[in-house]
Amino acid sequence: MAYNTDNIFAKILRGEAPAFKVYEDDYSLAFMDVMPQVEGHTLVIPKDPTENLHDADPIILGHTMATVQRVSAAVKQAFDSPGIMIAQLNGVPAGQTVFHLHFHILPRADGLDIGMHARNMADFAVLETHAQRVREALA
Ligand code: 5GP
């Protein structure tokens with residue numbers, strides 16, 4: 001399937017939609033998920049127009065994974081999280097809802113359940129404080 005440039009992450013990359021950004025470099029962008037499954041739920045995307053893992057240029061994927069590693073460490077620190085789950089969905093049957101490659105960074109801890117996928121919109125003021133915590137951990 002051809003990459004659809006109308007997807008929300010493409011709009012965020014073009015500056016046409018807002019995002020609580022935490023990190024950006026030449027190849028990738030990281031920002032808070034607006035419907036977090038847990039506090040600190042952060043997304044990392046390549047800037048390259050890529051629908052899913054299988055379409056990705058391996059070099060771009062390498063740069064993106066370096067960002068996942070870096071931002072994941074910052075999320076772990078910012079949310080004092082003993083565990084971090086990385087999730088990445090490919091295709092509708094797998095649950096993918098936004099068709100621009102992305103990696104979910106999800107803080108995990110014993111007894112801390114994760115919420116439903118893409119279900120409840122966060123309070124934007126709270127999300128900004130969470131983004132700031134991640135930015136500070138990255139600094
Ligand atoms: P997928 O289901 O494709 O793996 O995940 C898409 C993710 O994007 C979901 O976790 C959903 O909450 C998130 N999402 C959907 N729309 C927006 C948006 O406009 N901004 C942000 N930051 N995240 C979004």
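Of all the numbered requirements in (1) open to solvent by 40 Å² or more (accessible area, probe 1.4 Å); (2) within 14 Å of the ligand (Cβ to nearest atom); (3) touching a residue at least 60 places away in the same chain (Cβ under 8 Å), ARG70 misses one, and that requirement is (2). Of the residues contained in the range 15-26, one or more are found to be surrounded by 19 or more Cβ atoms within 10 Å (Cβ to Cβ), touching a Phe, Trp or Tyr at 6+ places or on another chain (Cβ under 7 Å) and either more than 26 Å from PHE79 (Cα to Cα) or in contact (Cβ under 8 Å) with a residue 40 or more places away in the chain (or both). Residues that are open to solvent by less than 20 Å² (accessible area, probe 1.4 Å) and β-branched (Val, Ile, Thr) within the range 4-14 comprise just one, ILE12.
When the range 89-139 is filtered for residues that are among the β-branched types (Val, Ile, Thr) and more than 9 Å from the ligand (Cβ to nearest atom), the ones remaining, listed by number, are VAL92, ILE105, ILE114, VAL126, THR129, VAL134. Once the range 78-88 is narrowed to residues that are in a strand (DSSP E or B) and surrounded by 13 or more Cβ atoms within 10 Å (Cβ to Cβ), the residue that is farthest from the ligand (Cβ to nearest atom) is ILE84.
The values are calculated or read from the model by the stated rules, or taken from the named source; none is laboratory data. The shown structure was predicted, so the numbers you read here are calculated from the model rather than taken from an experiment. Every residue, glycine among them, receives a Cβ derived from its backbone with ideal geometry; neighbour counts consider all protein chains shown. Just so you know, the surface numbers come from the protein's heavy atoms only, side chains and all, with ligands and any DNA or RNA stripped out. Shrake-Rupley method; radii C 1.70, N 1.55, O 1.52, S 1.80 Å.
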